[in-house]
Amino acid sequence: MGSIWELDYYSRPILDENNKKIWEVLVCESPLDTRTKADSLFRYAQYCPSTQVNSGWLRTALQEAINQAGVAPLKIRFFRRQMNNMITKACEEVGIPAQASRRTLMLNQWLQERMEQVYPQEVGYQEASNASVRLESPLPQRLPDALEGQQWIFVTLTGADFAEMHEWEIAFGESFPIEFANLSPESRIPGVLIFSPRALPLAGWMSGLELAWLRLDTSKGTRLVLETGATESWILANIKNLQTIAEASSFEEAKQKANGVHFIGVQSDARAESFAGFWLLQEVNLP
């Protein structure tokens, strides 16, 4: 299986000699397996002068990253919507598809680390001057008609259960080592299992969405919402049963205790021993 990269290209809280913000490109490899070792993942960082912020500069930096890695990734994920055009153009020019995605777990951690440990050491550092742009998100969409009416349940696994995940029979899915989220084998990780006679088409459809995380939405009744891509979301279920509402609240509490880590699985029925789809997810606060 080829690699997937995560990319950020944006201004940093550092001013140059002309009082303009210095920009930076960060590229890192996505962990795709619970057995991935952090030090095996590719990383590339390069500052960009404010006068050279454009897709051409980014394309050159990406080509340099590919040269250093020795192989190009299958696709590049990025979470910053306001950079969509520039990032997409640069990626197209090096022949790699770019995908808006909030599944940028390693990049989020690396950015946080650099905000705390790297940028404050730079000449021209300006504390807390990097306000992010909050863009409005569209309302959750209904599932396509062909996918509605699935049965589902809340379930819990332990961190240790995921050690064998690479041996499970899974048609579509993605994971990461739980220790990347500071969880231990004893940690309890909540999830949702969906049972559907059309499990494979459902999992195939989901795999194309760049799954971000599941959340309980109580703004209009009680709904289980699947966040995908950079801004999209889908109503998996409207919950009216009081017992299920209580279970949904417990799921949300357990997710917070597990540092946002949770999972979603798709099976043909409760007796199935294989998964049409299985994704380990983490809800994060993007910068």
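Structural remarks
- 29 Å Cα-Cα reach of Lys220 towards lysines, excluding residues that sit fewer than 8 places from it in its own chain: Lys240, Lys255, Lys257
- The angle between the Cα long axis of helix 105-117 and the longest principal axis of the Cα atoms of the chain comes to about 40 degrees, rounded to the nearest 10.
- Of all beta bridges that DSSP places with both ends in the chain, some 70 percent have antiparallel geometry.
- The chain pair-distance distribution - Cα-Cα, 5 Å bins, rounded %: 1, 5, 11, 15, 17, 16, 13, 9, 6, 4, 2, 0, 0, 0
- Bins of 10 Å, starting at 0 and running to the largest distance - Cα pair percent for region 176-287: 13, 42, 39, 6, 0
- Total formal charge among the other residues, if their Cβ is under 12 angstrom from that of Asp161, Lys/Arg +1 and Asp/Glu -1: -2
- Converting the Cα gyration tensor eigenvalues of region 1-99 into ellipsoid dimensions via √(5λ) gives semi-axes, longest first, of 24, 15, 12 Å.
- Angle in degrees between helix 55-69 and the longest Cα principal axis of the chain, rounded to the nearest 10: 70
- Label-point gap, in nm, between Asn85 and Val123 - each point 7 angstrom along Cα→Cβ: 3.5
- For region 37-80, the gyration tensor built on C-alpha atoms gives a prolate shape. Its axis ratio a/c (a ≥ b ≥ c) is at least 1.5, and a/b is the larger of a/b and b/c.
- Exposed loop sites, defined as GluC sites (Glu not before Pro) outside DSSP H, G, I, E and B with at most 10 other Cβ atoms within 10 Å, are absent from the longest region of the chain, namely 18-126.
Each value in this text was obtained by applying a stated rule to the coordinates, not by laboratory testing. Just so you know, these numbers come straight off a predicted model, no measurement behind them. Glycine gets a Cβ as well: all are built from the backbone with ideal geometry, and neighbour counts include every protein chain shown.
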